[in-house]
Amino acid sequence: MGQVNRRAVLLGGVAAGGAVALSTALPSWASTKTFLAAPAIRDPFQLGVASGDPLPDSVVLWTRLAPAPLNNDGFGGMPDASYTVDWEMANDEAFGSVVQSGSTTTNRALGYSVHVEPKGLEPARVYFYRFKTSGYISPVGRTRTTPALGAAVNQLKYAMASCQHWEEGWYHAHRAIAADNPDLVLFLGDYMYEKPSGQAAEFKVRGLAAAADTTTLALYRARHAQHKTDVDLQAAHAVAPWAVVFDDHEVMNNWNSTTSPASAARKGYAFQAFYENTPIRSTAKPSGSSINIYRQLNWGNLARFHLMDTRQYRSAQATDKDCVGYRNTSRTLTGTAQEQWVLNAFNTKPATWDFLGQQVFFAQRDTDGKSATCDSSNDSWDGYSASRDRITKGWVDRNIPNPIVLTGDVHRHWAADLRQNYYDHNAPIVGSELVTTSVTSNSNGSTPPSATWYANNPHVKYCQGMRGYVRVTTTPAQMRADFVTVSSVLERDPAKVTIKTDRSYVVQAGQRGLQQV
Amino acid sequence: MSEAAVILRAHLYGSCTRSADPVGMTGSRTRRFLPKVIAVLMTASALLVLDVVPAAAAATGKVQTAGDPLNVRRAPSTTSTAVRTVANGASVSIDCQTIGTSVTGPLGTTTLWDYVPALGGYISDGYVQTGSDERIAPDCGVGSGSAECSTGACAAEGVFKSAGGSVTVYDNAGDGKSAGVAYWLKSGVGPIWVWNSKGTGTNVVANTGAPKGTWVFYKVCVSDRGATVPTLDNCSGGLTDYVA
């Protein structure tokens, strides 16, 4: 802009030039800094509230300021300034009994995200929380702390979900999760997708505001924001604390520890946006192209969750169906440090149930059932079978009482028992796996496995190609998994959608193997 | 920067006409959140109005040309339709500013455009004495209306009217293609398309149905809609505005 001319006009007119603005003649509140402190905004609570990663004395509270959430610069319509955000937690939804409150700030470097980690809460308690900034008050969220370590617990009810491509359906599963009133929600990856849907138009119900692949921090931020505009997803976040791990599409399809297919820069953008948009602890703040998200979550003496990262440290995928690569003992899905971390955890037994929350199919799925061919996916644990063997042997050798693997990724419900040698159909069962279908992804369904396939994989008990989620009810005596299906994610009207339990399995404490209910 | 500009800014950003969600502002729930003195003021204001819109006071400027009238464009581009002119020396009320095509005027060269609702469009900031070389108004999308062109030579124009929340799609080019506006709503729905396939020089109006106070994100594209496999071309970057 041509400042000189304009200043000349001004100097001859009503006021002095720019330098005068810095003079002490002006009141301090009129400085540029004051002006930048907090320009007025519209209601910034367009993305709801969330909580996560509960402890006996703490839980992460989350929101993100975004009065214009779909803006493709990723800043959600926020002026370039620092905003003070007040928060409070109460015993009651009306906030008549506030137990803690505080204040934090957010800014452009944080994508206007807010993470609060209050301390000193009481264990096994329900709390309500909300935020306030610039005269606006957020929706109210409900959360809870975990029971104290070792405390006796009668029951834990949690939901597990994964894979929610924005375009491929309505989030009825989240509406149902909210209605279930769970204690905890596990999200096992593919919260967002880095690219537009490849489905035909009739299998898409809505579109991306910025359809380009997310190759910049701005686009990752905007993509996360668009997902969080969904009212059903907001409801599921507001009902209970979540524990979230990513899979591949939060970064890009089938990425691994190398810089192909995802560059270090792209990982860095994706991790930053993931952190900003996830109710996760500050220990997961990314540093460049690395982020630390594997962690444990304990639920008294009843359950322990090992939330794993099966993307960031994995060896590059082997050539498809290459048995030599699949079985190479130097290859890893977890990375050495994470493997040692989980094996060390198996040295202690603080809880009846051990849940390994992770992303990709753990049990073997070998189409022809012949060990010579490795007729299975190179992206799942089948493609890293030595890594799987080490983890499985770890819990077997250490006598982990009740190991259950929890999985997302594959857009179908599956239930399977686990063995140390899947080709030996008489080998002992050493655990079980629950795989949740997608919330929306691949909404046109898929064909079920054939009888021959099941005969080649007799440890696999169930497969269902509909959309949905899994509800797990855990007691000291048993774990029950309800595989919930949604009749259609292409139909928006809830009145025209049937949500039901398609199949249930239990595992009895101290016994191995799924039993159909 | 001038004293006049500082006063303008204090007026624009420092005033406190907005208030909180009325549901959250009742009784003791609010007071707990606020410093004691402010709490009284906020509670009082909540009783008076349910206004959730930020300070709407516009900035003012004065049109300066060599003497000729200045074009008012429908969208912030020199290839956008000139909807009228405004006289040299006229005072204008600027609701918001945005980046568009570069223009050299008597006050300098700039990509900044000023939205003047009273004139129904945008004027280049290079022709407006605003008392500042910096921005003197928020980014466009302030709830008083806005417009975008498709990229390139503005073959399609889309206008969002905050009053009533309607979109108008203009086709400006005899290129055999349709003009379209796609919009997304707070409920997670979108894109909803409004197409104009009536030919160059025409327009189509549609109501978004978005509730008052809520946001609408829209972008403007052209498309060969009659083709076997239609493509969307020249889509604008998109803009969020609000229903008044």
Between B:S187 and A:T498, take the C-beta separation as r, use R0 = 25 Å, and let me know the FRET efficiency to the nearest 0.05.
-> 0.65
Mind listing the phi-derived Karplus ³J(HN,Hα) values for segment A:138-144, rounded to whole Hz, using 6.51, -1.76 and 1.60 with θ = phi - 60°, and x for any glycine or proline?
-> 6, x, 8, x, 10, 9, 7
Name the residue farthest towards the positive end of the dipole of chain A from the options A:Q464, A:L434, A:I400, assuming +1 on Cβ of Lys and Arg, -1 on Cβ of Asp and Glu, about the Cα centre.
-> A:I400
Where does the charge balance sit around A:V517 when Lys and Arg score +1, Asp and Glu -1, over other residues with C-beta under 15 Å from its C-beta?
-> +3
Round to the nearest 10 and give me the degree value, 0 to 90, for the angle of helix A:264-276's Cα axis relative to the longest principal axis of chain A.
-> 80 degrees
Looking at chain A, what % of its DSSP beta bridges pair antiparallel, to the nearest 5?
-> 75 percent
Using the Cα gyration tensor of segment A:232-382, with a ≥ b ≥ c the square roots of its eigenvalues, what is the shape: rounded (a/c below 1.5), prolate (a/b larger than b/c) or oblate (neither)?
-> oblate
Positive minus negative residues near A:W87 (Lys, Arg vs Asp, Glu; Cβ under 10 Å) | 0
Rounded to one decimal in nm, the spacing of the 7 Å Cα→Cβ label points at A:Q516 and A:R480 is 1.8 nm
For segment A:405-458, what class follows from the C-alpha gyration tensor (a ≥ b ≥ c being the square roots of its eigenvalues): rounded when a/c is under 1.5, otherwise prolate if a/b is larger than b/c, else oblate?
-> oblate
When a footprinting reagent is the concern and you count Cβ atoms within 10 Å, what order do A:E433, A:E122 take, fewest first?
-> A:E122, A:E433
Taking the alpha-carbon centroid of each part, what is the distance from segment A:436-502 to segment A:163-207 in angstrom?
-> 14 Å
Can you pull the Rg over Rh of the protein assembly as shown, Cα-only, Kirkwood?
-> 1.02
Please state the charge dipole magnitude for segment A:186-238, taken about the Cα centre, from unit charges on C-beta atoms (+1 on K and R, -1 on D and E), reported in debye and rounded to the nearest 20.
-> 140 debye
Evaluate the Kirkwood expression for the hydrodynamic radius of segment B:170-218, namely the inverse of the mean inverse distance over all pairs of different C-alpha atoms, and round to one decimal in Å.
-> 11.8 Å
Cα centroid distance between segment B:94-124 and segment A:342-404, in Å?
-> 62 Å
In terms of the alpha carbon gyration tensor, root eigenvalues a ≥ b ≥ c, rounded if a/c is under 1.5 and otherwise prolate when a/b exceeds b/c or oblate, segment A:56-178 is oblate
Long-range amide H partners of B:G143 with built H, under 5 Å | B:Y242
For A:S103, other-chain or 5+-apart residues with amide H closer than 5 Å (H placed, Pro excluded) are A:W87
Note, ³J(HN,Hα) from phi for segment A:505-516, Karplus 6.51, -1.76, 1.60, rounded to Hz, x at Gly and Pro | 10, 10, 10, 7, 4, x, 10, 9, x, 6, 10, 6
If the viscosity is 0.692 mPa s and the temperature 37 °C, what Stokes-Einstein diffusion coefficient in µm²/s follows for segment A:455-517 when Rh is the Kirkwood radius over Cα pairs?
-> 246 µm²/s
For the protein assembly as shown, give the magnitude of the charge dipole about the Cα centre (Cβ charges: +1 Lys/Arg, -1 Asp/Glu; no others), in debye to the nearest 20.
-> 1000 debye
Taking the square root of 5λ for each eigenvalue of the C-alpha gyration tensor of segment B:158-244, the equivalent ellipsoid has semi-axes, largest first and in whole angstrom, of 23, 14, 10
Residue farthest toward the positive end of the dipole of segment B:91-244, with Cβ of Lys/Arg at +1 and Asp/Glu at -1: which of B:I136, B:A147, B:V116?
-> B:A147
Two-site label geometry, A:S263 and A:A200: point separation in nm, points 7 Å out along Cα→Cβ = 3.7 nm
Expressed in angstrom and rounded, the centroid-to-centroid distance over alpha carbons for segment B:195-244 and segment B:169-193 is 2 Å
Within chain A, the cysteines whose Cβ lies no closer than 4.7 Å to any other cysteine Cβ are A:C163, A:C463
Mind listing the phi-derived Karplus ³J(HN,Hα) values for segment B:186-192, rounded to whole Hz, using 6.51, -1.76 and 1.60 with θ = phi - 60°, and x for any glycine or proline?
-> 3, 6, x, 8, x, x, 9
Which order results if A:R130, A:R206 are arranged by neighbouring Cβ count within 10 Å, fewest first?
-> A:R206, A:R130
In nanometres, what is the gap between the two model label sites at B:D233 and A:A109, each 7 Å from Cα along Cα-to-Cβ?
-> 4.5 nm
CD proxy, 222 nm, chain A: helix-only mean residue ellipticity via -39,500 (n - 2.57) per DSSP H run with n ≥ 4, per residue, nearest 500, stands at -5000 deg cm²/dmol
For segment A:195-315, build the convex hull from the C-alpha positions and give me its volume per residue in Å³.
-> 136 Å³
How big is the charge dipole of segment A:348-395 about its Cα centre, in debye rounded to the nearest 20, if each Lys and Arg gets +1 on its Cβ and each Asp and Glu gets -1 on its Cβ?
-> 260 debye
Once the dipole of chain A is set up with Lys and Arg at +1 and Asp and Glu at -1 on Cβ about the Cα centre, which of A:A159, A:T452, A:I137 lies farthest towards its positive end?
-> A:I137
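Counting Lys +1, Arg +1, Asp -1, Glu -1, what net charge surrounds A:D57 among other residues with beta carbon under 9 Å of its beta carbon?
The answer is 0.
Rule-based calculations on the coordinates, nothing more; no lab input. Just so it is clear, the model here is predicted, and its values are computed rather than measured. Cβ coordinates were reconstructed from backbone atoms using ideal geometry, including for glycine residues, and neighbour counts include every protein chain displayed.
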